[in-house]
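Have a look at the structure below, then the notes.
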Amino acid sequence: MFYLSGNDFPQSAQELESSLLRSLRTLFTFPSGESRPVRVEDRDYPEVDRIRVDLSGTATDARQPPPKPAGVGQRRPGVHASQLEIFGHPIRIRGAGMHLDLSAGDVSFDYDRDHEGHPLLVLAAAEAGRVAIEISRGDLEALLLAEAKTAAAKQGVAVENAALDLVPINQRSVAIAARVTAKKLIARATVEVKGQLAVDDELNATLSALSCAGEGIVGGLAGNLIRPYLERFNNTKLPLAAVSLGTIHLHDLRIGAGDSLKVQATFGR
């Protein structure tokens, strides 16, 4: 589901392309000199051959998930696309890289409006859709510790990267355990960060049960500096997909953990 810019529904493929891009610019910072990141290949509008959204190199703060578009339910037929592609290699979330691939065929969109009257493009039906998301262990660690490292540095403590372990709990969640080294002057100590990450049907990742403990004086100091920043993440949602899937339900959602965190699911008829 996409917000559309302006007040009116697009009347051509070119208008749809421009409306989508303007809307996405409110959520993502696009790299300079991008070459037409949104493409709508016309056939006989509202029939189009392909809608292609390239979010590679974009950045988003994602401190809070973007507002979920919620239609008032007065839908009418919108656009039909033979193929939908949304991808980003990578999308930067607070500096961490996330790779996204979403594709589907025979995709139908409806037009709707939210409670304030803003136009929406709602994903109504799709054939053989799939979505895959991947974040490296290093990027996931950076996402967790970026702000904490800055705060610790102000107190003369250097927080250095170390091993991050990802252990599957079930098909939708993993346990996180990171051991980092804290250094102050010539003294070093280990800080251990633990928690869980779960992914829901809307492809939001929720971090929970985050804890931090440090060994010795330096480790204790670093742990005290890191802990408040981890608490900001506790039970907060990080959007892993670029768009809401609206009323489309995901099937066979699975998390894989190893050198990276991988989320895969299918959707559609």
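The values are calculated or read from the model by the stated rules, or taken from the named source; none is laboratory data. Computed from a predicted structure; not experimentally measured. Glycine gets a Cβ as well: all are built from the backbone with ideal geometry, and neighbour counts include every protein chain shown.
Brief remarks on what is shown
- ASN204 vs. criteria within 26 Å of ARG254 (Cβ to Cβ) and surrounded by 15 or more Cβ atoms within 10 Å (Cβ to Cβ): yes
- Residue within the range 180-199 that is at pLDDT 85 or above and within 30 Å of ASP112 (Cα to Cα) present: yes
- Members of the range 143-160 that are touching a residue at least 24 places away in the same chain (Cβ under 8 Å) and crowded, with 19+ Cβ neighbours inside 10 Å: LEU143, LEU144, LEU145, ALA148, ALA152, VAL157, VAL159
- Those residues of the range 243-263 which are assigned to a strand (DSSP E or B) and either among the β-branched types (Val, Ile, Thr) or within 17 Å of GLY195 (Cβ to Cβ) (or both), in sequence order: ILE255, ALA257, LEU261, VAL263
- When LYS237 is tested against the conditions (1) free of Cβ contacts under 8 Å to residues at least 60 places away in the same chain; (2) of a type in the set (Lys, Arg); (3) closer than 30 Å to TYR111 by Cα, the lone failure is (1).
- Members of the range 136-176 that are part of a loop (DSSP other than H, G, I, E, B), of a type outside the set (Lys, Arg) and closer than 30 Å to GLY268 by Cα: GLN171
- In the range 87-123, the residues that are within 17 Å of THR266 (Cβ to Cβ) and crowded, with 20+ Cβ neighbours inside 10 Å: LEU100, LEU102, ALA104, VAL107, LEU123
- Filter result (over 19 Å from the mean Cα position of the chain (by Cα), outside any strand (DSSP E or B) and in contact (Cβ under 8 Å) with a residue 12 or more places away in the chain) within the range 77-135: ASP114, HIS115, GLY117, HIS118
- Set THR60, THR29: member being closer than 22 Å to ALA241 by Cα, of a type outside the set (Gly, Ala, Ser) and surrounded by 17 or more Cβ atoms within 10 Å (Cβ to Cβ): THR60
- When the range 149-194 is filtered for residues that are within 16 Å of ALA213 (Cα to Cα) and of a type in the set (Val, Ile, Thr), the ones remaining, listed by number, are VAL157, VAL159, ILE176, VAL180, THR181, THR190, VAL191, VAL193.
Per-residue answers, yes or no, for (1) assigned to a loop (DSSP other than H, G, I, E, B); (2) more than 21 Å from SER136 (Cβ to Cβ):
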{"site": "ALA178", "(1), (2)": "no, no"}
{"site": "SER211", "(1), (2)": "no, yes"}
{"site": "VAL218", "(1), (2)": "no, yes"}
{"site": "ALA241", "(1), (2)": "yes, no"}
{"site": "ALA265", "(1), (2)": "no, no"}
